[in-house]
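Below is one structure, written out as structure tokens, with a few remarks after it.
The values are calculated or read from the model by the stated rules, or taken from the named source; none is laboratory data. Small disclaimer: the values here were computed from a predicted structure and weren't measured. As a convention, Cβ positions derive from the backbone with ideal geometry for all residues, glycine included, and neighbour counts pool all protein chains shown. For the accessible areas, the whole protein counts, side chains as well, though only heavy atoms, and no ligand, DNA or RNA atoms are used. Shrake-Rupley method; radii C 1.70, N 1.55, O 1.52, S 1.80 Å.
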Amino acid sequence: MNKTILKNLLCSSFFLVSATILAQVATVSSPDARLKVNLDVKDGKAVYSVSYDDKTMLEESPLGFKSNFGDFSTGLSLRDHQEGKEYPSHVQEKYHLNRCKVSDVDYEANVYTLCLKVGEGRRQLNVDVVFYVSNNDIAFRYEVPRHGETGSIRIMSEETGFRFPQQTTTFMCPQSDAMVGWKRTKPSYEEGYSYDRPLAETKARHGFTFPCLFKIGEDGWVLVSETGNDSRYCGCRLSDLKEGNLYTVDFPMPEEANGNGTIEPAFALPGATPWRTITVGKTLAPIVETTAPWNTVRPLYGAEQNPSKGDDDILLRTYSPKNYKFGKSTWSWIVWQDASMNWDDQVAYIDLASEMGYPYILIDAGWDEQLGYKKMEDLIKYAHIKNVDVFLWYSSSGYWNDIVQSPINKMDGPIARKEVMRWMKKNGVKGIKVDFWGGDKQETFRQYEAVLSDAYDNDIMVIFHGCTLPRGWERMYPNYVGSEAVLASENLVFSQGACDKEAKDTSTHPFIRNTVGCMEWGGSFLNRRLGRGNQRGPKRATTDCHELAQAVLFQNPIQNFAITPENLKPESEGGAPKVSIDFMKMVPTTWNETKYVAGYPGQFAVLARRNADTWYIAGNNASDECDKVLDLSRFVKKGDVVTLFSDDANSEPQRKEVKIKNPKKVKVHMLHNGGFVIVK
Ligand code: CA
């Protein structure tokens, strides 16, 4: 037994509730001791397993990676714990988020560093695997020191894996082929989910995009994702199922980004990989409420990045925090489509935003060709007179797809990009939506960061579309305000089939995609027909209350809602019910708290979100018409009068004041494809 390790573990045993060392095993427990990670080195391989309430959540799973100067997947052994640097054994941190599902996080975790080496003597190479274990979340990453003259590393593959118990079923979204689909823009995280599939039946040639949800029979739930990926790594995914119920971390496909750029991420030493995150719970509550994407990442700007050390202070003092305002927005493209890229229609949508009290309009693809820069300056001035600020659309490309929707070739290189950014700042443009990205390679992640960084310098917020999953970016980048990375609202406009399954999607994403980051869905339609004038186009299958609930169930700090000028007409002329319009005026876009209430992916979802002192308890239903009895005692008291938005028997929205009799048993009625919102 290694004395230093033993000493270290004894010192930290107050925090590591059951830190034990048997041969070369360590167990890291969560502060509440329910979640446990067992670490071991066996036959030169590092492995871990996970249990919750003593039920196995992950069986013995591999750790390690292969790099260009050493194989860290085999021939591993433990080394002295204190060799090199000091590690904490426990962290407690309060931090603030200003545009997520939660605003104030009290993060507490036990920390253990598995200090490994390969080789001996002058050939010895070191790597540390750092585990943060909080009550329902595990985050771990590889940290690599500088090795003599070697000051950089290229990771060639990760062994990192997740081996599930036999009874596990999956809720996953497959990764697309590369360079296929509309103008060869895939992959862009826009594939469909499968539900409750046995492991053996969950196969996909290119694996699965994060986050991936697993149900461990009756024992609980596991959500696997990653966070902290920036210009210093690529975006990863889960592999196809391998022998022994194992999924491993996979890198992008060589064909992505038009075949340009490596799939092997590289970073300078000392350095680290992104965090692999595993969220575990007996119910779906810890999955819905997880803060795993933000706990272990740091803001990339300013004094929060690094405590001041000497001369660095001079640089840090150049940083001044900026005040980005989040909120609601209109956009014409989603219903009125390409033909609406003209002065009159954009004015109609600015007026709509103004009437609704929304701070923003998003002016989508084609503005530079249909309106031009000069007219756009005038349009922005008009918007400002109406108290509305402007987001402008850009293509990200570039060489990585065949997109013709313009502006193109503005965001792909620094000279043109900085030029349009300066023009936007001069004209008071507050945000951009950058669409059609090239996949998950490190090259593309550098591009994401370059756009965010130049936009930051010009006080511009950034929404990504046709893009990868955000990975902790709400905390890392102050001007990051949303990503699509989902088969989103545009598909409803394109096909009746998508409308018919909208409720299924709406009751899926609150439990998977949207739990780990902003999701720019662009929905909450009030048109009955998804075409201009409300007379043509696919028929919406959902009730108004379903769409109202969606505005709460889907979280993004800038919500581009799919309402139209025709919704403001009198109801007798085809306008939307006043109840719906009133709700869309009042609903906020940022939240102080988010709680799981009830639901099951693809069937129904009920969440409670708090903005300041007001709770919004929203539910939707993709299943048959039903009554649900909900325990709302965390949000309302006996005798409280709440406002209930719900469907009447004719699917029309109604608003009622309701007195709560028993907060533990509040009965709500939901139609098929219906929904409700309780506001207190
Ligand atoms: Ca899209």
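Where in the stretch 450-491 does the amide nitrogen come within less than 20 Å of the point 7 Å from the Cα of K426, taken along Cα to Cβ?
Zone members listed by number: 454-461.
222 nm [θ] for the chain, helices only, -39500 (n - 2.57) per DSSP H run of 4+, per residue, to 500? Present the calculation step by step, with values, prior to reporting the outcome.
Working: 16 runs with 126 residues, N = 680.
My calculation for the chain gives -5000 deg cm²/dmol from helical runs alone.
How high is the FRET efficiency between C626 and R34 when r is their beta carbon distance and R₀ equals 35 Å, given to the nearest 0.05?
Values: r = 32 Å, r/R0 = 0.92.
The calculated FRET efficiency here is 0.60.
With viscosity set to 0.692 mPa s and temperature to 37 °C, compute the Stokes-Einstein D of the chain, Rh being the Kirkwood radius across alpha carbon pairs; µm²/s, no decimals. Provide the component values of the computation, followed by the final result.
Details: Rh = 26.0 Å.
Result for D is 126 µm²/s.
Taking the simple approach of a point 7 Å from Cα along Cα-to-Cβ for both N260 and K386, what is their distance in nm?
Calculated label separation equals 3.8 nm.
In what sequence, largest accessible area first, do H96, H206 appear using a 1.4 Å probe?
Numbers: H96 115, H206 40 Å².
In descending accessible area the options line up as H96, H206.
Can you give the net charge of the other residues whose Cβ lies under 10 Å from the Cβ of Q92, counting K and R as +1 and D and E as -1?
Net of charged neighbours comes to -2.
Quick one: with all protein chains in place, what share of the accessible area of the stretch 349-394 is carbon or sulfur, to the nearest percent (1.4 Å probe)?
Numbers: 750 of 1710 Å².
Ligands and nucleic acids excluded, carbon and sulfur reach 44 percent.
Roughly how many Å² is the accessible area per residue of the chain, as a whole number, for a 1.4 Å probe? Intermediate values should be presented prior to the final figure.
Working: 25580 Å² over 680 residues.
For the chain, the per-residue accessible area is 38 Å².
Given 0.36 nm per residue, what is the gain on full extension from N409 to Q124 after removing their alpha carbon distance, in nm? List each step's numbers first, then the result.
Details: separation 285, 0.36 × 285 = 102.60 nm, distance 4.73 nm.
Separation in residues times 0.36 nm, less the Cα-Cα distance, equals 97.9 nm.
What is the sum of charges around E108, taking Lys and Arg as +1, Asp and Glu as -1, for the other residues whose C-beta is under 14 Å from the C-beta of E108? Write out the running numbers ahead of the final one.
Numbers: positive: R34, K94; negative: D32, E93, D104, D106, D137.
So the environment of E108 carries a net charge of -3.
When the accessible area of the stretch 529-614 is split by element with a 1.4 Å probe, what percent falls to carbon and sulfur?
Values: 1210 of 2760 Å².
So the carbon and sulfur contribution to the accessible surface is 44 percent.
Separation of the stretch 324-350 and the stretch 133-210 by C-alpha centroid, Å?
Spelled out, the Cα-based centre of one part sits 36 Å from the other.
In nm, to one decimal, how far is the A612 label point from the K664 one, both placed 7 Å along Cα→Cβ?
3.3 nm
Which FRET efficiency value, to the nearest 0.05, do you get for K656 and Q92 by plugging their Cβ-Cβ distance into 1/(1 + (r/R0)^6) with R0 = 41 Å?
Working: r = 44 Å, r/R0 = 1.08.
In this case the efficiency is close to 0.40.
Cα-Cα pairs above 17 Å in the stretch 138-190: how many percent?
Numbers: 950 of 1378 pairs.
In whole percent, the share of Cα-Cα pairs in the stretch 138-190 beyond 17 Å is 69.
Please check which bits of the stretch 367-381 a label hung off E419 would reach, taking the label as a point 7 Å along Cα-to-C-beta and the cut-off as backbone N under 14 Å.
373
For K375, which aspartates and glutamates qualify as cross-link partners when the Cα separation must be under 13 Å and same-chain residues fewer than eight apart are set aside?
Cross-link targets: D344.
With r as the distance between the Cβ atoms of E355 and D54 and R0 = 56 Å, compute the FRET efficiency 1/(1 + (r/R0)^6) and round to 0.05. Can you show the working numbers first?
Numbers: r = 57 Å, r/R0 = 1.03.
With a Förster radius of 56 Å, E is 0.45.
Output ³J(HN,Hα) for the stretch 99-107: one whole-Hz value per residue in order, computed from phi by the Karplus curve 6.51 cos²θ - 1.76 cosθ + 1.60 with θ = phi - 60°, and x for Gly and Pro.
Couplings: 8, 10, 6, 9, 9, 10, 10, 10, 9 Hz.
Please report, largest first and rounded to whole Å, the three semi-axes of the ellipsoid equivalent to the stretch 89-180, where each semi-axis is the square root of five times an eigenvalue of the C-alpha gyration tensor. Walk me through the intermediate numbers first.
Numbers: eigenvalues 178, 116, 58 Å².
Rounded to whole Å, the semi-axes are 30, 24, 17.
Is the shape of the stretch 163-294 rounded, prolate or oblate, going by the alpha carbon gyration tensor and its root eigenvalues a ≥ b ≥ c, with a/c under 1.5 for rounded and a/b larger than b/c for prolate? Walk me through the numbers on the way to the answer.
Details: a/c = 1.92, a/b = 1.34, b/c = 1.44.
Because a/c hits 1.5 or more and a/b fails to exceed b/c, the stretch 163-294 counts as oblate.
Can you give the percent of C-alpha pairs in the stretch 504-635 whose distance is more than 27 Å?
20 percent
Go through the stretch 202-250 and name the GluC sites (Glu not before Pro) that are in a DSSP coil and have 12 or fewer other Cβ atoms within 10 Å of their Cβ. Display every interim value, and only then the final one.
Values: sites: E218, E226, E243; in loops: E218, E243.
Loop-located and lightly packed - E218, E243.
Which of the helices in the chain, when you take each full DSSP H run, stretch at least 15 Å along the axis at their Cα atoms and have an average Kyte-Doolittle score of -0.5 or higher? Walk me through the numbers before you get to the answer.
Numbers: long enough: 343-356 (20 Å, -0.18); 372-385 (20 Å, -0.60); 414-426 (18 Å, -0.95); 442-457 (22 Å, -0.95).
Passing helices, by number: 343-356.
Report the full-extension gain for the segment K322 to E571: residue separation times 0.36 nm, less the Cα-Cα distance, to one decimal in nm.
The span from K322 to E571 would gain 85.4 nm if fully extended.
Over the stretch 173-225, what percent of the accessible surface lies on carbon and sulfur atoms, probe 1.4 Å? Let's see the in-between values first.
Values: 920 of 1940 Å².
On the stretch 173-225, the fraction of accessible area on carbon and sulfur atoms equals 47 percent.
Need the full-extension length gain, T283 to R536, defined as separation in residues times 0.36 nm minus the C-alpha distance. One decimal, nm. Numbers along the way, then the final one.
Details: separation 253, 0.36 × 253 = 91.08 nm, distance 4.26 nm.
Roughly 86.8 nm would be gained on extension.
Over 24 Å between Cα atoms, which of K183/K410; K638/K667; K328/K661 qualify?
Values: K183/K410 18 Å; K638/K667 14 Å; K328/K661 34 Å.
Cα-Cα > 24 Å for K328/K661; rest within.
How much accessible surface area, in Å² rounded to 10, belongs to the heavy atoms of W615 with a 1.4 Å probe?
It works out to around 30 Å².
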